[in-house]
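Reading through the structure tokens given below for one structure.
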Amino acid sequence: MKVLVIGATGATGKAAVQKLLARGDEVTAFARKPADVTETHARLRTAQGDARDLASLERALEGQDAVLAAFGPRALGKDDLQEVFARNLIAAMKKRGVQRLVNLSAWGSGDSRPHMTFVFKLIRHTILKNVFDDKERGEELLAASDLDVTNVRPGRLVNEPARGGARASLQPDGLKPTMTREDLAAFMVDELHANAWVRKSPLIGY
């Protein structure tokens with residue numbers, strides 16, 4: 001499979017690139033600064049671009065089979081980056097005839113908001129309000145598109161070694177809302193191939 005990874009220089013994106021290559025996929029790492037992509041492999045190439053630049057997304061998507069988007073917010077201030085990115089990505093995928101997308105979201109976004117803990121609800125509506133509001137606008141655009149989207153919603157992300165045993169559900173019952181980035185990347189890569197949660201937004205935890 002030929003996969004475009006957006007957010008390839010972030011912690012989750014880097015792990016996803018490595019896991020896709022380990023599976024035998026051909027990977028294109030999309031980055032504002034391709035020099036920041038430190039992984040080297042015969043089946044890895046880079047594409048320079050920006051989430052706000054539709055033309056660069058269209059160029060990068062040419063010849064791809066699927067997209068893994070591990071693109072996250074850059075700041076806590078009021079912004080429309082996620083919304084613009086979603087709009088541009090949908091348009092570019094449609095133009096290039098690419099249907100499959102696994103997108104990184106967050107536990108507490110959209111209709112998973114009631115499943116947040118009391119403490120995190122406070123944080124979501126104060127410190128992270130702008131981030132989640134923008135993320136939700138982007139999600140709404142993806143959900144309204146005709147793309148085969150899996151919208152992955154992990155809980156709190158930690159930089160720890162993979163634990164294994166990540167589970168997905170549409171309900172939080174029995175799930176611990178914490179996830180290592182290694183396990184998150186593994187779940188997203190596996191889902192890209194398995195298509196078990198197409199047009200759904202699973203919560204993932206342990």
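The values are calculated or read from the model by the stated rules, or taken from the named source; none is laboratory data. Everything quoted here is computed from the prediction, not taken from an experiment. Reconstructed Cβ throughout: ideal geometry from the backbone, glycine too, with neighbour counts over all protein chains shown.
So if I check each of R100, R113, R52, which one is basic (K, R) and either closer than 14 Å to V3 by Cβ or crowded, with 21+ Cβ neighbours inside 10 Å (or both)?
Details: R113 fails: either closer than 14 Å to V3 by Cβ or crowded, with 21+ Cβ neighbours inside 10 Å (or both); R52 fails: either closer than 14 Å to V3 by Cβ or crowded, with 21+ Cβ neighbours inside 10 Å (or both).
When all the criteria are applied, what remains is R100.
Working only within segment 1-13, note down all residues that are buried (at least 21 other Cβ atoms within 10 Å of the Cβ) and within 15 Å of A162 (Cβ to Cβ). Spell out how you get there, then give the answer.
Here is the first cut: in segment 1-13, the ones buried (at least 21 other Cβ atoms within 10 Å of the Cβ) are 3-9, 12-13.
Hit for segment 1-13 is T12, nothing else.
Here are some residues: V119, V131, V158. Which one is out of contact with any Phe, Trp or Tyr (no Cβ under 7 Å at 6 or more places or on another chain) and closer than 21 Å to D53 by Cα?
Details: V119 fails: closer than 21 Å to D53 by Cα; V158 fails: closer than 21 Å to D53 by Cα.
The conditions single out V131.
Kindly provide the set of residues from segment 169-203 that are within 18 Å of P114 (Cβ to Cβ), modelled with pLDDT of 95 or more and of a type in the set (A, V, I, L, M), ordered by number.
L203
Tally the residues that are within 12 Å of A31 (Cα to Cα) and in contact with a helix residue (DSSP H, G or I) (Cβ under 7 Å, 6 or more places away or on another chain), restricting the search to segment 53-68.
Let us first name the residues in segment 53-68 that are within 12 Å of A31 (Cα to Cα), namely 53, 56-57, 60.
Filter once more, keeping what is in contact with a helix residue (DSSP H, G or I) (Cβ under 7 Å, 6 or more places away or on another chain): 57.
Qualifying residue count, segment 53-68: 1.
Filter segment 116-132 down to residues that are assigned to a helix (DSSP H, G or I) and in contact (Cβ under 8 Å) with a residue 12 or more places away in the chain and give me whichever is nearest to L175 (Cα to Cα).
Of the residues in segment 116-132, the ones assigned to a helix (DSSP H, G or I) are 118-124, 129-132.
Next, only the ones that are in contact (Cβ under 8 Å) with a residue 12 or more places away in the chain stay: 120-121, 124, 130-132.
Details: F120: 16, K121: 17, R124: 19, N130: 26, V131: 24, F132: 21 Å.
Taking the candidates together, the pick is F120.
Which condition number in (1) under 22 Å from T12 (Cα atoms); (2) exposed (fewer than 15 other Cβ atoms within 10 Å of the Cβ); (3) in contact (Cβ under 8 Å) with a residue 60 or more places away in the chain is the one that A70 fails?
Just one mismatch for A70, condition (2).
Residues in segment 183-198 that are surrounded by 22 or more Cβ atoms within 10 Å (Cβ to Cβ) and over 13 Å from the mean Cα position of the chain (by Cα): how many?
1
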